[in-house]
Amino acid sequence: MIKKIFFIFIILLAFTNCAGLYTEDNYRIKSVGNGYSYNSEYSRNRIYLTKPIDENKWSKGRITLSIEILNYKIPNYNSDVLIIESYKEDFVINGKRYISEREKYNKPEILNDVIITKKNGKKIIINKNKIRYTYKENPNTNFKEALIYLPEILSGPITLELGRVKIRNEIYNVPKIYMQKYRITESYSLVGAMLEEGGEHLPGYHSEGWVED
């Protein structure tokens with residue numbers, strides 16, 4: 001009888017917890033210089049280079065940079081990749097929605113060397129001539145990005161200096177961008193997964209916050 005109870009307990013324990021632990025780290029903007037607005041809810045960080053067309057509307061028509069740091073895990077290339085995109089938001093004036101001509105604002109060009117300052121004060125300097133542009137390499141691509149292949153995998157807080165960026169025919173001075181890794185950890189059980197089919201999200205464990213290392 002005891003063996004049977006112990007066996008049932010082990011089965012239930014495995015059944016409840018075998019889904020395991022999920023952890024995701026990504027660099028997010030923690031702050032920017034000169035009072036610029038930004039959004040860093042997800043790995044695709046956004047910094048707004050212009051002010052809203054209408055302060056009272058949700059859709060604001062701002063010129064925006066999207067910044068992401070990825071580790072592609074490319075064979076024989078142990079580094080992070082900095083991805084930069086640009087676009088202009090749609091906007092609303094007097095209740096009428098205007099669709100921005102996004103194809104005119106989606107080709108960012110960085111006009112100077114890019115500098116990343118690490119937590120120990122050492123700098124990574126990427127020559128502007130080594131920046132790749134997907135839209136120049138393939139004019140028909142749907143992903144119009146500036147790609148910066150870094151010489152190493154980043155850790156800890158960093159300061160990103162993009163300097164001057166040309167979008168369409170305008171040149172924008174981008175402020176210093178202070179970034180840090182943000183970690184989300186969750187665990188799910190199979191029981192919770194089955195219950196979620198009813199529409200309720202039931203994580204076994206959830207934690208998130210800034211990572212120092």
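Can you name the residue in the stretch 112-137 that is in a strand (DSSP E or B) and aliphatic (A, V, I, L, M) and is also nearest to Tyr178 (Cα to Cα) among such residues?
Ile116
Under the condition of being small (Gly, Ala, Ser) and open to solvent by 10 Å² or more (accessible area, probe 1.4 Å), which residue from the stretch 154-169 is nearest to Asn26 (Cα to Cα)? Spell out the reasoning first.
Filtering the stretch 154-169 for residues small (Gly, Ala, Ser) gives 155-156, 163.
Add one more test, that the residue is open to solvent by 10 Å² or more (accessible area, probe 1.4 Å), and what stays is 155, 163.
On the way: Ser155: 10, Gly163: 23 Å.
Checked the stretch 154-169; the qualifying residue nearest to Asn26 (Cα to Cα) is Ser155.
Considering only residues that are over 20 Å from Val32 (Cα atoms) and under 17 Å from the mean Cα position of the chain (by Cα), look in the stretch 74-98 and name the one that is modelled with the lowest pLDDT.
Ser79
Tell me, which residue of the stretch 156-176 that is assigned to a strand (DSSP E or B) and of a type in the set (A, V, I, L, M) is farthest from Glu103 (Cα to Cα)?
So the residue we want is Ile158.
For the stretch 92-137, what are the residues that are open to solvent by less than 30 Å² (accessible area, probe 1.4 Å), more than 30 Å from Gly156 (Cα to Cα) and either free of Cβ contacts under 8 Å to residues at least 24 places away in the same chain or acidic (Asp, Glu) (or both)?
Within the stretch 92-137, no residue meets the criteria.
Just to verify a result, which residue in the stretch 170-195, among those that are open to solvent by 40 Å² or more (accessible area, probe 1.4 Å) and closer than 17 Å to Asp80 by Cβ, is modelled with the lowest pLDDT?
Arg183
Which condition from (1) out of contact with any Asp or Glu (no Cβ under 7 Å at 6 or more places or on another chain); (2) more than 22 Å from Arg44 (Cα to Cα); (3) not charged (D, E, K, R) is the one that Asn127 breaks?
That leaves (1) as the condition not met.
The values are calculated or read from the model by the stated rules, or taken from the named source; none is laboratory data. Small disclaimer: the values here were computed from a predicted structure and weren't measured. Every residue, glycine among them, receives a Cβ derived from its backbone with ideal geometry; neighbour counts consider all protein chains shown. For accessibility, only protein heavy atoms count, side chains too; no ligands or nucleic acids. Shrake-Rupley method; radii C 1.70, N 1.55, O 1.52, S 1.80 Å.
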